[in-house]
Every structure is written in structure tokens, then in C-alpha cells.
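Quick notes on the structure that follows.
The values are calculated or read from the model by the stated rules, or taken from the named source; none is laboratory data. All values derive from a computational prediction rather than experimental measurement. Here Cβ is always computed from backbone atoms with ideal geometry, including for glycine, and neighbour counts include all displayed protein chains.
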Amino acid sequence: MQLTIVGWSGSFPGPESPASCYLIDTGDFRLVLDVGNGALGALQRYTRLADVDAICLSHLHADHCLDMCGYSVFQNYHPDGPQPRIGVYGPAGTAERLSRALGDDHMGMARAFEFTTLAAGPIEIGPLRITTAHMNHPVETFGFRIEHAGQALAYSADTGPCDELAGLASGADVLLSEASFTDGPGVPADLHLTARQAGEYAARAGVGELVLTHLVPWNDPATCLEQASDAFAGPLRLASSGLRLLGG
């Protein structure tokens, strides 16, 4: 199982990255995790859009799902004809939310994708065993633990402090954790993690490696690394577009 980071910018695309998007490839199955604004173009550097087998959306904020609109155009109007529908797994109301964003009568999304509503707990998608849990965010949001061939990846999605994240990440090879905030006064509650908090969850869960993502463009990356390293002594890095993790 290989993870490729496509987009890691938090809340909106930055000068060096689109918003959230991650590609998981087992060799014969490709899952895309979130398709935030700006991500669809970058995704094509790493896979043909027609080769994607499934999509999981952690929540329905624009920086995690909005490029599904462009994906529906690829699916419906390809020169070779409409493409086979791709399974999309997301929170309740995903099809309706994306249809409103597309501005159509719902059929554009329905023709392009087959929607399944997520619930907290285990699910199998292709060869992947996925466990989801609700995160601490203003809209329904799922974190993910993805397992295949003895490897485990945990993804926080967007969350404030949340015990469920430690459970999802327990013993994972990699924790891909949001780090939208840095230490300081006035950090909003129940919205996002600081880099230090991401480090604390990584230490608590005993993960093999922590990768900080959902990095808001106005924050200093070096500060994020420094604050996370104060809490987590293990391998630590910032997400970057094209970074490949796990493997094998």
C-alpha cells in the first residue's frame, strides 16, 4: 500500500499545493481520499482519473470535496463516452451537497458516481479494510484508519482535540494529521489541531511516523515542525506534494 500526497494545503489552496487530496494505491486498486479545491489537476500527475476505483470524502467543506464537480465532468463527457461510475463514500447528504455545488438537477453527479453514506465503524472498500470514526469538527467529519497487507495509515481529516483520533491511530505506521494552528492566544476550540496537539496524539497512539498536513499557507512550516517535535520524538515531517509513504 502506497500513500501519495497530492494536496496538503489547509482551508484553501496555497501557492505550493492544492487543498486536501491523498492517493492510496495497492497496485491493483486506487482510492482517493478527499478531493479539495485545486486537487483534480494535481491528481492527474500520479494517476489517470479513469483508473481511480473509489473515493472517500472525510467531510463536505470545500477544501475537501469541491473538485468533485470537475471530476463529474470528466466522468460524464469523456470523448470515449460516459465513464463507469466510481463509488464515493461520504457523510450523509454528500450527493445533494455536490449536486448543489455543480448547479445541476442532481443527475450529473448521479451519472458519474455511486454514493454510499458512511457511518462510524469498519468497512471494506476493495482490498482495503477501513475503520472510520467521527472527528471533532463543526460538520459531520470522519477520520480514517486504512489497513492493507500488514500496514496501517491513520488520517485525522479536520478535527479539534478528539479521543477517537488516538484510537484510530493506535500503532499505525503513519499518522497523517492536520496541524492547522500553531500555539498562541485565541486558538478556536473544537475546530482544528495545533501542531503540538498533533504531536501529542502521535505520541499517545505510538505511531511509527507523523506527517503534518492541512497546513494553512499563512503559518510558518518551521514553527509547525518545531512545535510538533516538542511533543513527539519519533520520525516527523511536513506533507509535500508528491511525497510517497509506506510502500510495499
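Hey, can you tell me all the residues within segment 103-114 that are hydrophobic (A, V, I, L, M, F, W, C) and surrounded by fewer than 18 Cβ atoms within 10 Å (Cβ to Cβ)?
Start the filter on segment 103-114 by keeping residues that are hydrophobic (A, V, I, L, M, F, W, C), which leaves 107, 109-110, 112-113.
Residues satisfying the conditions are M107, A110.
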Could you check how many residues of segment 10-26 are in a strand (DSSP E or B) and either aromatic (F, W, Y) or within 19 Å of G143 (Cβ to Cβ) (or both)?
-> 5
How many residues, within segment 179-206, are touching a helix residue (DSSP H, G or I) at 6+ places or on another chain (Cβ under 7 Å) and closer than 20 Å to V139 by Cβ?
-> 1
In segment 24-35, is there at least one residue being crowded, with 24+ Cβ neighbours inside 10 Å and aromatic (F, W, Y)?
-> no
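What residue, of S156, S177, S170, is out of contact with any Ser or Thr (no Cβ under 7 Å at 6 or more places or on another chain), hydroxyl-bearing (S, T, Y) and modelled with pLDDT of 95 or more? Don't jump to the end; show me each part of the working.
Numbers: S156 fails: out of contact with any Ser or Thr (no Cβ under 7 Å at 6 or more places or on another chain); S177 fails: out of contact with any Ser or Thr (no Cβ under 7 Å at 6 or more places or on another chain).
Going through S156, S177, S170 in turn, the sole match is S170.
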What residue, among those in segment 158-167 that are surrounded by fewer than 21 Cβ atoms within 10 Å (Cβ to Cβ) and not charged (D, E, K, R), is farthest from L118 (Cα to Cα)?
-> P161
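Touching a helix residue (DSSP H, G or I) at 6+ places or on another chain (Cβ under 6 Å) and not small (G, A, S), is that true of D53? Please lay out each step first, then the result.
On the way: touching a helix residue (DSSP H, G or I) at 6+ places or on another chain (Cβ under 6 Å): no; not small (G, A, S): yes.
Spelling it out, it is not the case that D53 is touching a helix residue (DSSP H, G or I) at 6+ places or on another chain (Cβ under 6 Å) and not small (G, A, S).
Please specify each residue of segment 54-75 satisfying the condition of being in a helix (DSSP H, G or I) and surrounded by 19 or more Cβ atoms within 10 Å (Cβ to Cβ). Don't jump to the end; show me each part of the working.
Within segment 54-75, the subset in a helix (DSSP H, G or I) is 62-65, 68-75.
Selection gives D63, H64, C65, M68, C69, Y71, S72, Q75.
Could you tell me which of the residues A112, A119 is more than 26 Å from A202 (Cβ to Cβ), in contact with a Lys or Arg (Cβ under 8 Å, 6 or more places away or on another chain), of a type in the set (A, V, I, L, M, F, W, C) and free of Cβ contacts under 8 Å to residues at least 60 places away in the same chain?
Details: A119 fails: in contact with a Lys or Arg (Cβ under 8 Å, 6 or more places away or on another chain).
Just a single option satisfies the conditions, and that option is A112.
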Looking at Y201, is it at pLDDT 95 or above and more than 23 Å from L60 (Cα to Cα)?
-> yes
Among the residues of segment 139-157, is any over 30 Å from P84 (Cβ atoms), touching a Lys or Arg at 6+ places or on another chain (Cβ under 9 Å) and either β-branched (V, I, T) or surrounded by fewer than 21 Cβ atoms within 10 Å (Cβ to Cβ) (or both)?
-> no
Just wondering, is there one or more residues in segment 10-21 that are within 22 Å of I125 (Cα to Cα), buried (at least 24 other Cβ atoms within 10 Å of the Cβ) and within 14 Å of the chain's Cα centre (by Cα)?
-> yes
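For segment 115-142, enumerate the residues that are of a type in the set (D, E, K, R) and under 17 Å from H64 (Cα atoms). Explain how you work it out, then say what you get.
Looking only at segment 115-142, we keep the residues that are of a type in the set (D, E, K, R), and these are 124, 129, 140.
Answer for segment 115-142, where residues must be of a type in the set (D, E, K, R) and under 17 Å from H64 (Cα atoms): just E140.
Looking for whichever is surrounded by fewer than 21 Cβ atoms within 10 Å (Cβ to Cβ) and either closer than 26 Å to L243 by Cα or of a type in the set (G, A, S) (or both) here; the options are A120, A179. Which one fits? Steps first, please.
Numbers: A179 fails: surrounded by fewer than 21 Cβ atoms within 10 Å (Cβ to Cβ).
Unique residue meeting the criteria: A120.
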